[in-house]
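Here is the structure we will look at.
Read the figures in this text as sums done on the coordinates, not as results from a lab. Computed from a prediction, not measured in an experiment: that's the story for all the values here. Quick reminder, even Gly has a Cβ in these numbers, built from the backbone with ideal geometry, and neighbours come from all protein chains shown.
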Amino acid sequence: MNRISKIGLLTVFVPFGIYAQNQPTDSLKQIQLSSVIIVGQQHIANKKVKVLSSLDSYLETNSAINMIRRGAYAWEPLLNGMATERSVVTIDGMRIYGACTDKMDPITSYVEITNLSQANVHSGQAGAANGATIAGSVDLVRRQSGFGKSNVRGSFFTGIETANVQKIAGTSLQYGSEKFFTDVDFTYRDAENYKAGGGKEVLYSQFTKYNLSAISGFKIDEHQQVKASLIYDRALNVGYPALPMDVSLAKAFIGSVQYDRHLGSTLVDYWQTKLYYNEVTHIMDDTKRPDVPIRMDMPGWTKTFGYYTKLNGVMDNHHWLLNLSGHYNKSRAEMTMFSNNVNEKDMFMLTWPGVHTFYNGLFLEDKLQINEKWNMLITLGSALQYNQVKSDFGYESLRIFYPEMSHTKMRWLKNAAVKMNYGKQQWQFSFGTGYGERAPSVSEGYGFYLFNSADKFDYIGNPDMHNEKSLELNSSVSFATTKFSAKAQVDYFRIYDYVIGFNHSDYIPMTIGASGVRIYGQLPKADIFNATLSFGYQIFEGLNSSGKMVYRRGKSGNLNLPQIQPLSYGASLKYQLKSTTIETGMEGAVAQTKYSSSFGETPVGAYTIFNLAASKQLNFAKQKLVLKAGVENLFDTYYTTFADWNRVPRMGRNVFVNIVYGF
């Protein structure tokens, strides 16, 4: 560990933490098996210092989330140290399937920070309301101004960042009245290649992105309302320096209609139903790469129709929720290799062979208030998932490996969880357990020669795998006063039939330069352990400190699981005087020594970086002008982390300026 990393690690042990006021004694709030990343309800000027940062940066502030980076755009969220196959990511409760076999279009890439209200992060089986999961769920909740007195609000914003010459511009407008409201948001981003520490240019890291979001609501009467929403997101010329291919187009259309009704009964108080549709197009190509052994195009498409209907109410000391949800998805991806020899034919294959997925699930939740100090949360869920390979060409391709394979596969998925919570004065204790199952993903079950650029293997799916199963244990203790807060939390997952790739030396790889072929199979069991510590202190009025430490460990026997975060830490100091805010922070990690060489990982050195930012708000009449500026990676450190695919370096010194005019 270098000297600056040691200093950074020691700094965490001074009383920095997440500052919180003494919590109210409403134990029904305390029992939630989730955490919330608050982004902002109305003006983006009310968000944190760097108001125009990416959504990925906001999600990283949650201790349960890591972001796998293959470039400067569209990072993949890992929840509790587990890849996206083991979690459920939704937008306003809607299921969406990415269209990229290389995970270059995570669901989080289709929402902008400027139209988001909050991100609800549920750990383990607490996240099973929107689908079968092992790691948990993340629900991205977009901003809604809501009904009220007739008024118009909004903002115009712009920004620039120096490390990749990123230009940001957009607008956010809201209109509300007693019967109608609408929110419209547009954001544009354009970035060139970024520079790592020391000024080294990272090639193929550019991107251009447009995002349009709109939500409207109409109040039928005092008890009924309808809402309609859409998202249109379009990214062009997206470079991925950690991969052999870039993206010429990533496009998503997401639409929904929602009906809400207050039923006026204590037993059944509220009913919400939503119908939604989304389609995603993702086109990978290598036309911008100057030297490739063979040219390839890899387009992918998904279409999803879905619904959910929720009922909740109160019966004695029970606060209950019922959620019935379902969706139908079509996933298809292709690969064409263009021969360099005009006398040879191009090669074509279906990498996702037209897989259709039908899912229907029922989720029940009961929050039981036992007495003034004790409460309990119980969840139960069950779902049926039906997969069908529609393409005869794709089906016959997979039958090369699975001669007895059927066109269809039905799975029954179960989940259950119990959590106890005890609160006394400033102390809160919780402990719980849960069991859950999930089906293999489209890639794991039906992928056909999917190249992994980290371990250099072609992967083939396995439709005959069992459901992956998880038994989890969790516990936390927290203490809070008006000036000091601290929380320690541990989560343990024992995963049975853990899905992972196994070498098959008898098969020949399809990708030029690949090390071999791996077919998805299952380990008997794997263990993932997570521990977090956060604590904070209000030094005096206006000056607050915050900090955290996170440790994860993932193993199966003597095998280290891939993409597991080493001991990491962070701390910040924030001073606010009237409309002026100054904030300094640091973040870092110790060296990663428990890496998975079998899956292409290499050692990562320790690092610590420092950030500095300031903001000023000017008010006049009913308008405001917010100026925010700062420097990230202040000392221009060259570093990479466990989460950087193929160890592509992070961004070097980055000066940013954000300007927001709100009215």
P(r) weight above 41 Å for the chain, C-alpha pairs, percent: 26
Taking the simple approach of a point 7 Å from Cα along Cα-to-Cβ for both Ile400 and Leu384, what is their distance in nm? 3.5
At 0.36 nm per residue, and after removing the present C-alpha to C-alpha distance, how many nm does the segment from Thr602 to Asp464 gain when stretched out fully? 46.5 nm
Local net charge near Asp644, Cβ-Cβ under 11 Å (Lys/Arg +1, Asp/Glu -1): +3
Charge sum, other residues only, whose C-beta stays under 10 Å from Ser229's C-beta, Lys/Arg counted +1 and Asp/Glu -1: +1
Rounded to the nearest 0.05, what FRET efficiency is calculated for Ala614 and Asn343 with R0 set to 45 Å and r the Cβ-Cβ distance? 0.10
Taking 0.36 nm per residue of separation between Val226 and Val292 and subtracting their Cα-Cα distance, the length gained on full extension comes to 18.5 nm
Could you give each residue of region 145-158 its phi-based ³J(HN,Hα) in whole Hz, using Karplus coefficients 6.51, -1.76, 1.60 with θ = phi - 60°, and x for Gly or Pro? 6, x, 7, x, 5, 4, 6, 10, 9, x, 7, 10, 9, 8
If you stretched the chain out fully between Ala169 and Val314, how much longer would it get, using 0.36 nm times the residue separation minus the C-alpha to C-alpha distance? 47.6 nm
I need the fraction of alpha carbon pairs in region 595-663 separated by more than 21 Å, rounded to a whole percent. 49
For 425-435, 207-217, ranked highest to lowest by mean beta-carbon neighbours within 10 Å, the order is 207-217, 425-435
How much FRET efficiency would the formula 1/(1 + (r/R0)^6) give for Tyr259 and Gln426, where r is the Cβ-Cβ distance and R0 is 41 Å, rounded to 0.05? 0.45
Between Glu541 and Gln576, what is the spin-label point distance in nm, taking each point 7 Å from the Cα along the Cα→C-beta axis? 1.4
Just want the answer: with Cβ charges of +1 for Lys and Arg and -1 for Asp and Glu, which residue in Ile370, Ala486, Asn474 is farthest toward the dipole's positive end in the chain? Ala486
What number, in percent, do you get for the relative contact order of region 136-287 if the mean sequence gap of Cα pairs under 8 Å and at least 6 apart is divided by its residue count? 15
With Tyr204 itself left out, Lys, Arg at +1 and Asp, Glu at -1 over residues whose Cβ is under 13 Å from its Cβ give -3
Order these peptides, 358-365, 147-154, 197-204, 180-187, by their mean beta-carbon neighbour count within 10 angstrom, highest first. 180-187, 358-365, 197-204, 147-154
Which whole-number percent is the relative contact order of the chain (Cα, under 8 Å, 6+ apart)? 14
Highest to lowest packing among 656-663, 385-392, 535-542, scored as the average C-beta count within 10 Å: 656-663, 385-392, 535-542
R0 = 56 Å: FRET efficiency of Trp412 with Ser57, Cβ-based, nearest 0.05? 0.90
Over 23 Å between C-alpha atoms is what I'm after, so list which of Lys303/Lys390; Lys50/Lys624; Lys149/Lys622; Lys548/Lys578 land there. Lys548/Lys578
Roughly what % antiparallel, to the nearest 5, for the DSSP beta bridges in the chain? 95
